[in-house]
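Here is the structure we will look at.
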Amino acid sequence: MREHPVHETGQPSLSDEQFRRFRDLIARRSGIYIHAADRDALRGHLLARMGQSGATSFADYLRRLGPSPEGEEFQALLDLVTIQETYFFRDQAQFMALQRYVLPELVKARSRMGEPLRIWSAGCSTGEEPYTIAMVLAESIAGVASPPPYILATDVSQGALAVARRGIYGERSLRSTPEHYRERFFTRDGETYILNGAIKEMVEFRPFNLMSTPYPGARGPGWDVIFCRNVTIYFKPETTKAVVRRFYESLWEGGYLFTGFSESLRYLSRDFLTIQVGGVFLYQRSGVGYDRASEPRIRVGRRRRASAPAPQRTQGPRAEPVPEPKLAPGREADSRAREFVDAGLPDKGGQLLAPELERSSPPKKALLLHAEILLNQGRAVEAAVLCEKVIRREPLSVAGHYLLGIIHRTLEDDDQAVEMFKRVVYLRPQHALARFHLGELHARRNELEAARREYANALRLLQERSDSLDERFAGGFSAGLLIDTCRSRVEDLDGDV
Ligand SMILES: C[S@@+](CC[C@H](N)C(=O)[O-])C[C@H]1O[C@@H](n2cnc3c(N)ncnc32)[C@H](O)[C@@H]1O
C-alpha cells in the first residue's frame, strides 16, 4: 500500500486505496461498513490509534491490526469506530410488551418443560439492555419461573463488556429508567448508581462477534427471545440479512426477535411473522413451539421463506419464494422502481432509479424513493441530505417533510422529528400518520395531553379515510392495525391525563 504524501493538516492523507482497504477489513471482521461520507472520521480514528501504537504509516498500522478481530489493536480501533450509545429502558414500550405479553406465554411453556427461559442480548454494549431485561424479569416472574431464567449478553467490544461487568452507571444511562426500578435495583453513590448484585448475577457477559459462527444456541436449545437492537444499522443490508438468518436459526420455534425502533425486517427477511403487541412490533419465528397465550396480539403478516428451516427444529410452514412484480412496459422509471421497492426488492428498485438520479435535475419522486431505499439500508444521514435537497427545491413538500421526520425518528433526534411532523400537519392537517408519530413523540417526552390529542386525531382521520393510508411509512402495517394501536393508546392515556 503506497503512502499518500500529506494532508493539509500536515498529517498523512488517506488515499482512496487505503480507505478501501481499511473499510473492507473493518466490514469483514465486524460487519460495520464505513461509508465514504465518514472517511475523514475514519482517518481521524486511524491517526489517533497510529499515535498510540507507534505505527509510522497507514501501511504499518494495517499490518499491526494483525490477523484476527480479537487482536488488541483491532479491538482498540473497533472501540473508536463502533457506536456504543445505550441506556436502560431504551424504547420502553418494548420492555412493556416483553413483560405483559411475551413473558407470560414463554414462562408457562418453559416451566412446564422444566427448562430455563433463555434470552440473548446480542450487541449489548455496556450492559444497560441485558440488565433492563433482568430487572423486568425480576419484577414480573421472580418465583414463578423455574428453573431461573438465563440471560446471555454478548458484544464484540471487550472494553464495553468490561464496563458492563462492573455494573456502575451514571445518570445519563438511567435517563429513561422508571423511578421504582431506580429505587429497587440501584444504590446511589454520589453521581453514580450501583446495580444490585442479584441483577448482575442474572446476566452472563461473553465476547461474541456476530460475524462469526456458530451462533450461541444454534446447536443447543434455541433462544426464547433475542434482542438485537441498534447493532446492524451500521452493517450493509446483505450482512444484516445473513445475521438475521442466523438469529432465525438460533431461535426456538415460536421465539421472538426484538429489533431497534427503525430496524424493520421488511427488506431483510421473509422468515418471520410480524406481530404487534402492546403497540410495538416484534418478529416471531414461525412455528408451534409454545401454547398461544390469550393476550391480545395482532399478526401483521407472514413473510414466507425461500429455503427450508434449520434441520433440528420442527418443520414450519412451507416455503414460497416471493415473485418479482410484473412490470407494465413504458411506465416511468420511478413508478417501476417503486413497485420493486414495495415488493421487497430495494436493490433492483435502486438500479432502475440510477439513470433518473444522474439527470441534472432528478425528479422529486425519484429523489424521495432513493432516500427511502437509503434509509432502509441503514444510511439515514445520506437519506436526510436527499430529503433536505427536495425541501429546498419545494418548500411545501409534504412527502419530503414526512420522510425527513421518519429519518429523524430513526436517528433518535426527537426534536427535529417533532418539527418535521408539525410542518406536515401544518401543510396537510388530515395527515393521519404524521399525527400518529407526533403522538408517539409526545408520549416519549411524557407530554401526555398532547400525545392523547394527536393519537385521537390520528384515530379519527384513519377511521374517516382508512383507505388512504400510505402503508410504506407505516412499516407495512395496515390501517386497521394502526386504528387498533391509536385506540389502545388513547384508552391508556385516558387513565393518565
Ligand atoms: C449502539 S450499541 C447498541 C446497544 C444496545 N443493543 C442498545 O440498543 O441500546 C451497538 C453495539 O453493537 C456492537 N457491535 C457492533 N458490531 C458488532 C459485531 N459484529 N458483533 C457484536 N457486536 C457488535 C458494538 O460494539 C456496540 O456495543
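The values are calculated or read from the model by the stated rules, or taken from the named source; none is laboratory data. This is a predicted model, so every value here is computed, not measured. Note that each Cβ is placed from the backbone with ideal geometry, even for glycine, and that neighbours are counted across all protein chains shown. The protein model used for the area step is the full one, side chains on, heavy atoms only, and it has no ligands, DNA or RNA in it. Shrake-Rupley method; radii C 1.70, N 1.55, O 1.52, S 1.80 Å.
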Condition first: within 16 Å of the ligand (Cβ to nearest atom) and either under 23 Å from G31 (Cβ atoms) or open to solvent by 60 Å² or more (accessible area, probe 1.4 Å) (or both). Can you find one or more residues in segment 174-187 that meet it?
yes
Checking E3, E73 in turn, the sole residue that is at pLDDT 90 or above, more than 30 Å from R175 (Cα to Cα) and surrounded by fewer than 18 Cβ atoms within 10 Å (Cβ to Cβ) turns out to be E73
Under 9 Å by Cβ, and 6 or more places apart or on different chains, what pairs join a residue from segment 442-463 that is more than 17 Å from M420 (Cα to Cα) and among the polar types (S, T, N, Q) with one that is outside any helix (DSSP H, G or I) and modelled with pLDDT of 90 or more?
N457/P429
Scan segment 207-222 residue by residue and report those that are closer than 21 Å to T132 by Cβ and more than 19 Å from the chain's Cα centre (by Cα).
P207, P216, G217
Residue identified as outside the structural domain of R270 (by TED's automatic domain parsing), open to solvent by 30 Å² or more (accessible area, probe 1.4 Å) and at pLDDT below 85 among L374, L345
L345
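Do the conditions hold for R43, that is, is it more than 26 Å from G170 (Cβ to Cβ) and open to solvent by 40 Å² or more (accessible area, probe 1.4 Å)?
On the way: more than 26 Å from G170 (Cβ to Cβ): yes; open to solvent by 40 Å² or more (accessible area, probe 1.4 Å): no.
Against the criterion (more than 26 Å from G170 (Cβ to Cβ) and open to solvent by 40 Å² or more (accessible area, probe 1.4 Å)), R43 does not qualify.
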Quickly run through segment 112-128 and pick out the residues that are touching a helix residue (DSSP H, G or I) at 6+ places or on another chain (Cβ under 8 Å) and modelled with pLDDT under 95.
P116, L117
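For (1) crowded, with 23+ Cβ neighbours inside 10 Å; (2) in the same structural domain as L375 (by TED's automatic domain parsing); (3) in contact with a Leu (Cβ under 6 Å, 6 or more places away or on another chain), each residue gets a yes or a no:
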site: R393; (1), (2), (3): no, yes, no
site: S397; (1), (2), (3): no, yes, no
site: G400; (1), (2), (3): yes, yes, no
site: Q430; (1), (2), (3): no, yes, yes
site: L441; (1), (2), (3): no, yes, no
Just the residues that are within 22 Å of L161 (Cα to Cα) and of a type in the set (D, E, K, R), please, taken from segment 25-80.
R28, R29, R49, E70, E72, E73, D79
Quick check: anything in segment 56-66 modelled with pLDDT of 90 or more, buried (at least 17 other Cβ atoms within 10 Å of the Cβ) and within 16 Å of the ligand (Cβ to nearest atom)?
yes
Looking at T239, T213 in this structure, which one is β-branched (V, I, T), in a loop (DSSP other than H, G, I, E, B) and open to solvent by 10 Å² or more (accessible area, probe 1.4 Å)?
T213
In segment 77-125, what residues are of a type in the set (S, T, Y) and either touching a residue at least 40 places away in the same chain (Cβ under 8 Å) or surrounded by 20 or more Cβ atoms within 10 Å (Cβ to Cβ) (or both)?
T82, T86, Y87, Y101, S121, S125
